[in-house]
Amino acid sequence: MTTPLLVIEGLKVAYHRNALALHGVSLTVPPQAIVAMLGNNGAGKTTTLRAVSGFIGLDNAAVVGGSIRFAGERIENQPPHANAARGIVLVPERDKVFPNLTVAENLTASSSARANAAERRRLEEVVFQFFPALTSLRSRLAGLLSGGERQMLAIGSAVLCNPQLLLVDELSLGLAPVVVEDLIRRLSALRQELGITVLLVEQNASVALAVADYGYILESGRVVLEGAAAELRGRREVQEAYLGQSGGAERRSYRAVRQDPTLTERPRE
């Protein structure tokens, strides 16, 4: 049996010392898998990523319960630079790049003691191989890039940090569907090429479940459902709450769908 790369058990995170945002989240990420966290705004997805990366400490928040284990080591409330040195790299929802630096300067700024000079050259080759559009944009200021180009640069910069675990927050945010589909294919290919593990946060469930191996659905700081991506896509309550297949005028929350008496709940294996 493969040992998980990341194990989160009973995770509780509090903002300003007393406002709980996570109420016992547990999830497992196997090595070289793509695992998706789905849910609406405020579900706790970004908080979970920032707890794993260590950036939660910059948000006047802290892990107050449970545990985060990366490669068997407890890492809760560790600073971002310590977790980056372990191989945990975050592509945040916003502020993904340095807008006043060029594309080339952004990539140069992405460095890791985990990669020697030869390894860095190899990673640069991989970045330009998978994101060839960045080649002709080397001298352009990152602030002048399109949303899709900026996302490519953010992922490329993260790759140059030589991650074991890549945390991607809202890949699709503000992007056209055709751009999102292209990016998700490239992310999946990067996983195969470099053997990295991806924990992907998304509101767009159809995008996430198309690429993920396994998924977790969060609501109000709790995991309410989990399963293989194909299984989640096939569940009626997921289709109605997240995949826009209800046929009604409004998409209902997962909780509202679960309370629908016309649904027969299938027990979780």
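Read-outs throughout are calculated quantities, based only on the coordinates presented, and are distinct from any laboratory measurement. This structure is a prediction, so every number in the text was calculated from the model and none was measured. All Cβ positions, glycine included, derive from the backbone under ideal geometry; neighbour counts span all protein chains shown.
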FRET efficiency for GLU125 and ASN18, Cβ-Cβ distance as r, R0 = 51 Å, nearest 0.05? 0.55
Exactly which trypsin sites (Lys or Arg not before Pro) in the range 84-149 are in a DSSP loop and have at most 10 other Cβ atoms within 10 Å? ARG94
Please compute the modelled spin-label separation between GLU105 and SER220, points set 7 Å along Cα→Cβ, answer in nm with one decimal. 4.8
Using a 10 angstrom cutoff on alpha carbons, build the Gaussian network for the chain and name the most mobile of ASP213, ASP182, ASP169. ASP182
Estimated 222 nm signal from helices in the chain, with DSSP H stretches of n ≥ 4 weighted -39500 (n - 2.57), rounded to 500: -10000 deg cm²/dmol
C-alpha long axis of helix 177-194 to longest principal axis of the chain, angle in °: 70
DSSP bridge orientation in the chain - percent antiparallel, rounded to nearest 5: 60
Express in % the proportion of alpha carbon pairs of the range 88-196 at distances exceeding 23 Å. 18
Please give the Cα centre distance for the range 32-96 versus the range 214-230, rounded to the nearest Å. 17
Charge sum, other residues only, whose C-beta stays under 15 Å from SER146's C-beta, Lys/Arg counted +1 and Asp/Glu -1: +1
Summed over the other residues with a beta carbon less than 14 angstrom from that of PHE130, with K and R at +1 and D and E at -1, the charge totals -1
Among (1) 44; (2) 49; (3) 66, find the value of percent of Cα pairs over 24 Å apart that was calculated from the structure presented, and write down its label. (2)
